Amino acid sequence: MSAEEVYNRIPMLRAERGISRKDLATALGVHYQTVGYLERGEYSPSLYLALRIAEYFEVPMEVVFSLKPFPRLGSEVK
Amino acid sequence: MAGWQERWQRSQAEVMQRDMLPAWYATRERRRVLAAAAVFALALGWVNAVVAWVMGPTQTQRWIVLTLLVVMMVVYLPAVTLMNVATRGVTALAERQLDERQRGERLRAVALSHRTTTVILALLAVVFLVNGMAQGRGHTVSGSAMLHLFLALALTHFVLPLIVSCWRLPDPPPDDDD
């Protein structure tokens, strides 16, 4: 585990919008395996790529990336 | 000239994306076997240099060197081809054809290889120094030995980043997740 771990919601956003890994990679101009490594948390993107991912999904950066694990869906509902 | 270069780089990039014999590099263990095979081929190149140095230019030496060279190429060429496909050309393609993760991986592989070749150069310097001191002033090394030594060193320098990159490569995510 990297000490500089960055968590992301790319798989969730991609699934929600029905975008394949290859389509996202083409839109971002990266290799499709890079998207896979990003999703698995094995690669942390540069600020530029992170901003482009957020822009692609039309969401603020903190919706896609976090330094802490994202809460599970429904976990905040009492 | 620029057009030819452009076409060559594009076709090279396309070849690197093809899944040629994927079973050979599907798992980390198999990729490491490929890397070990390439190291073995490089080692044969170094053995060649030692044989040429120790035996001198004799007929027996020529046959040993030629045999080792053939075995080396039989192992080296397929191993390097498959490692290039496995790493998707991280160390072979032009930098502008790589994304930021691939460029980072290439930098790490080159940095590690640089450290290794520095150690090899230092060891060679020690070997030459010790040999020179032991043999005295009049001692010379044959041109054939120097040529094989240069070939082994050049090949090591050329292919080590690819070996490092292939050795370090984690299992890639599945191609189709839809």
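Here, each number is a calculation from the coordinates, and none is a lab measurement. As the structure is a computational prediction, the values presented were derived from the model and not from experiment. In this analysis, Cβ positions are derived from the backbone assuming ideal geometry, glycine residues included, and neighbour counts consider all displayed protein chains.
Rg and Dmax of the protein assembly as shown, based on Cα coordinates, read 24.0, 90 Å.
A viscosity of 0.692 mPa s and a temperature of 37 °C, combined with the Kirkwood radius over C-alpha pairs in the Stokes-Einstein formula, give the stretch A:7-63 a diffusion coefficient of 294 µm²/s.
Ellipsoid semi-axes for the stretch B:39-123, based on the Cα gyration tensor and the rule √(5λ), read 33, 17, 8 Å when sorted largest first. Considering only B:ASN84, B:ASN48, B:ASN131, the mean-square fluctuation computed in a Gaussian network model of chain B, springs between alpha carbons under 10 angstrom, is largest for B:ASN131. Using equal-weight Cα scatterers in the Debye expression, the normalised intensity of chain B in log10 at q = 0.15 Å⁻¹ is -0.94.
Using only the Cα atoms of the stretch B:87-178, build the gyration tensor, take square roots of its eigenvalues as a ≥ b ≥ c, and label the shape rounded, prolate or oblate: rounded if a/c is under 1.5, else prolate if a/b is larger than b/c, else oblate. Prolate, because a/c is 1.5 or more and a/b exceeds b/c.
Restrict the search to the stretch B:1-43; then list the trypsin sites (Lys or Arg not before Pro) that DSSP places in a loop and that have at most 11 other Cβ atoms within 10 Å of their Cβ.
Numbers: sites: B:ARG7, B:ARG10, B:ARG18, B:ARG28, B:ARG30, B:ARG31, B:ARG32; in loops: B:ARG18.
Qualifying residues, ordered by number: B:ARG18.
As I understand it, the value is the acute angle between the Cα axis of helix B:59-86 and the longest principal axis of the Cα atoms of chain B; what does it come to in degrees, rounded to 10? Long axis of B:59-86 versus the principal axis of chain B: about 20 degrees. Output the 0 to 90 degree angle, nearest 10, between the alpha-carbon long axis of helix B:143-168 and the longest principal axis computed from the alpha carbons of chain B. Between the helix axis and the principal axis of chain B, the angle is about 30 degrees.
Less than 5 angstrom separates the built amide H of A:HIS31 from those of B:ASP99, all sequence-distant by 5 or more or on a different chain.
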